[in-house]
Amino acid sequence: MSYIQLIFVSLPFLKHKKMKQVIEDIDFVSKETYKEACDLPKISKEENTGKSRRLYIESYGCQMNFSDSEIVMSIMQASGFDSTANYKNADVIFLNTCSIRENAEQKIRNKLAQFNIIKKEKPTLIVGVLGCMAERLKTQLLEEEKIVDLVIGPDAYRDLPNLIAEADEGNKAVNVFLSREETYADISPVRLNSNGITAFISIMRGCNNMCSFCVVPYTRGRERSRDPYSIVKEASNLFSEGYREVTLLGQNVDSYNWKAKEGNETVNFAELLEKVALVHPDLRVRFSTSHPKDITDAVLHTIKKYDNICKAIHLPAQSGNSRILGLMNRTYNREWYIQKIDRIRTILGEDCGITTDMITGFCSETEEEHGETLSLMEYVQYHFAYMFTYSERPGTPAAKQFKDDIDETVKKRRLNEIIALQSKHSLIRNKKEIGKVRRVLVEGVSKRSDTFYKGRTTQNTTIIFPEGKFKKGNYVDVLVEDCTAATLFGKVVE
Ligand code: SAM
Ligand code: SF4
């Protein structure tokens, strides 16, 4: 083989090797997210607009919490704070916390110990615990964690300026009042971890479902739907600012049901989805989370009707066994869940991405029942799943009524089995994409290589492609050429 021939052979090889390197790096992150998705904190950005004091917020848990931190930042900005990404430079530190699993709370306690060292050097530093852990432990948190000055529940953020004033006087301050009305509808969130292209919009708060394992109804209160006109306004403003994708957030978006205070106007989730889709055809719309008991055909038909509503549904099953689903108080059984999957497939076809949450080792779960979770996964072949071992939460119906009797090693083994199966299914799904051309919104450069862009397909799968002449916020058609279980790789076709 001549030297010239060698170059021609090795160039595609090198390109492929580089692609793989990018993919493997991202896969590493994605594998971690299987177990840790809800445990990775988000940190406020550095912003200096000349305000007198600096706030550092570290947020844990679900997207709702991250979205709440943006409301908190808006309130704090109005009372004289800039945000900082370095807690050592902060006058006030907030931890916006999650209580969903025990290890989430343990992480917060470890963080507080770390901040204690800073507080010893800087006694004027104010440390506040916000969100679900604040709501769950209330004043107990002040007794257990001496470093904490403020404890603020998720419905009390408007009171922050008063609480800070109390702390400035050297007092401890607590507000964990849960509201039946607060939706923060009039507050414009300050985008904290934004790429400038995608944003989250909270459309409701709280949860009325009483899944027996879950603390959310106790930490975030009763379900309330936000005024749809304020939601549409927020989406329109985001579009004008250059954002091209919004994700509508709620614990159970399908039960969104707004009623006007005067008159008899009502808006359900299908109607809201349509209103947001109509903001602009170039504004992509996603939503999360759907509850299998509430998702309707009307929602599925609305998704189908608008190209800019993404074909992706997060439909947590939690278990594939009807007895366990009954103990979990999910209010549906295996057959109901399968019938919902079938409706999605009938109305939206195989092309709709379906993702789930699963809990392994719930109280009294047998090997056969765990097997039914695996067989449900085989039936659906999810694009992606968040998978957890059951973690007993004090005060929940499950903690009161059932014994957490599955050995930790058994829980972990079952978790590893569902993770392995999910990886297999994600790979199958991604391999089916090879050869297809997908419309992708360019979200920015890939984490590990600035000559590659990353974006997502309508199904919500990450795709990496050489940057070419395109810009963040552009829509491009990408031919899928290669994949791993977590990532697609392709090239732009024009
Ligand atoms: N509202 C969503 C729903 O109904 O699916 C989920 C909200 S929760 C913040 C996210 C996920 O955490 C749940 O779907 C469930 O899989 C998991 N989770 C909740 N409580 C848990 C617990 N006690 N132990 C383990 N996982 C839990
Ligand atoms: Fe928790 Fe169930 Fe409400 Fe989801 S629907 S937040 S799992 S109680």
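The values are calculated or read from the model by the stated rules, or taken from the named source; none is laboratory data. Note that the coordinates shown come from a computational prediction; the quantities given were computed from them, not determined experimentally. Don't worry about glycine lacking a Cβ; one is built from the backbone with ideal geometry, like all the others, and counts go over all protein chains shown. Please note that ligands, DNA and RNA were not included when accessible areas were found on the heavy atoms of the full protein model with its side chains. Shrake-Rupley method; radii C 1.70, N 1.55, O 1.52, S 1.80 Å.
Values as computed for the structure displayed
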| item | result |
| --- | --- |
| Alpha-carbon gyration tensor eigenvalues x 5, square-rooted, for the range 329-412, Å | 28, 14, 12 |
| Solvent-accessible area of residue 45 with every protein chain in place, 1.4 Å probe, in Å² to the nearest 10 | 70 |
| Nitroxide proxy distance, nm - points 7 Å out along Cα→Cβ at residue 232 and residue 275 | 0.6 |
| Nitroxide proxy distance, nm - points 7 Å out along Cα→Cβ at residue 169 and residue 479 | 7.0 |
| Pairwise centroid distance, computed over Cα atoms, of the range 51-73 with the range 274-305, Å | 27 |
| Burial ranking of peptide ranges 113-123, 182-192 (average Cβ count within 10 Å, highest at the top) | 182-192, 113-123 |
| Phi to ³J(HN,Hα) by Karplus 6.51 cos²θ - 1.76 cosθ + 1.60 over the range 477-492, Hz, x for Gly, Pro | 9, 10, 7, 7, 10, 7, 6, 10, 5, 9, 9, 9, 9, x, 9, 6 |
| Debye, to nearest 20: dipole size of the range 315-395, +1 on Lys, Arg Cβ, -1 on Asp, Glu Cβ | 340 |
| Those aspartates and glutamates that a straight Cα-Cα span of less than 14 Å connects to residue 403, excepting residues fewer than 8 apart in one chain | 365, 392 |
| Estimated dipole of the range 102-209 in Debye, rounded to 20 [Cβ of Lys and Arg +1, of Asp and Glu -1, Cα centre] | 360 |
| Charge-dipole axis of the chain as Lys and Arg at +1 and Asp and Glu at -1 on Cβ define it, positive-most pick from 410, 277, 164 | 277 |
| Span from the the range 371-446 Cα centroid across to the the range 121-160 one, whole angstrom | 33 |
| Computed over the chain: relative contact order in percent, which uses C-alpha pairs under 8 Å that are six or more apart | 11 |
| Percent of Cα pairs exceeding the 32 Å cut-off, where the set is the chain | 45 |
| Rounded to whole Å, sorted largest first: equivalent-ellipsoid semi-axes of the range 159-236, Cα gyration tensor | 25, 22, 13 |
| The range 258-379: relative contact order in percent, alpha carbon pairs under 8 Å with at least 6 residues between | 24 |
| Candidate aspartates and glutamates - alpha carbon under 12 Å from residue 311, same-chain residues fewer than 8 apart omitted | 350, 351 |
| Label-point separation in nm, residue 364 to residue 86, each point 7 Å along Cα→Cβ | 5.6 |
| Accessible-area composition of the range 334-489, carbon plus sulfur, in percent [1.4 Å probe] | 53 |
| Within the chain: Cβ-based charge dipole about Cα centre, in debye rounded to nearest 20 (Lys, Arg +1; Asp, Glu -1) | 960 |
| The range 137-287 pair-distance distribution - Cα-Cα, 10 Å bins, rounded % | 10, 32, 32, 20, 6, 0 |
| Protein-only accessible surface order, largest first, of 379, 243, 386 at 1.4 Å | 379, 386, 243 |
| Lysine pairs meeting the criterion (Cα under 13 Å, 8 or more apart or interchain), as found in the range 117-271 | 4 |
| Accessible area of the range 79-206 belonging to carbon and sulfur atoms, whole % at 1.4 Å probe | 48 |
| The range 200-326: Cα Rg divided by the 2.2 N^0.38 Å rule of thumb | 1.10 |
| Net length gained if the chain between residue 307 and residue 339 were fully extended (0.36 nm per residue, minus Cα distance) | 9.0 nm |
| Solvent-accessible area per residue for the chain (1.4 angstrom probe, square angstrom) | 43 |
| Burial order of peptide ranges 158-165, 321-328 (average beta-carbon count within 10 Å, highest first) | 321-328, 158-165 |
| Cross-link pairs 305/424; 431/472; 42/88; 305/469; 432/491; 111/447 - those with Cα-Cα distance over 23 Å | 305/424; 431/472; 305/469; 111/447 |
